[in-house]
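Taken together, the values in this text are just the output of simple stated rules run on the coordinates, not laboratory data. All of these numbers come straight from a predicted model, not from anything done at the bench. Cβ: placed from backbone, ideal geometry, glycine included. Neighbour counts: every protein chain shown.
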Amino acid sequence: MLGVVALCVGIVTLIIVVNWFDRRRSRPRPNLAEHVMLPPEPLSRRALPKAPVAPEPQMISMTYADADGVVTQRTILLTACDIDIENGRVLRFEGHCQLRDDLRRFRPERVITMAEEPSGRIIPNPERYLLDWSQVMRAGRRRRH
């Protein structure tokens, strides 16, 4: 009798796992090749503009694909960028995400589209925009001290 119960539990568990994988597999995946993004421009320290007075943290909206390929529309208040100084690349950027109501980190290569808020101005090269924004923010912090 105990063997029959164990067999039934095993079958039910198998059915649950198979259904879970089927749902994940049937989820529509975005075709990121359809979205046009400009390749990052080669950067040097001289290529970055002179920083004016530091602005307030920037609000941006973006279409973002997570690691599983799920696309969401996010509005975030930029707070920081992790930059590889030697290569002039943005590794990650973070901000307060209104969708999740939490501080989140994002990878620039997963950004499909990006725009400034509230103006709606499209940002054609998100990585370049983040590099410029980060430099302006750093310059503003140095001036305040």
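Within the stretch 101-143, the trypsin sites (Lys or Arg not before Pro) that combine a DSSP coil assignment with at most 14 other C-beta atoms in a 10 angstrom radius are Arg121. Sorted ascending by nearby beta carbons within 10 Å, beginning with the fewest, Leu7, Leu103, Leu78 become Leu7, Leu103, Leu78.
The ranking of Arg100, Arg89 by Cβ neighbour count inside 10 Å, starting from the fewest, reads Arg100, Arg89.
Listed from fewest to most Cβ neighbours within 10 Å, the set Ile122, Ile76, Ile60, Ile83 follows the order Ile122, Ile83, Ile60, Ile76.
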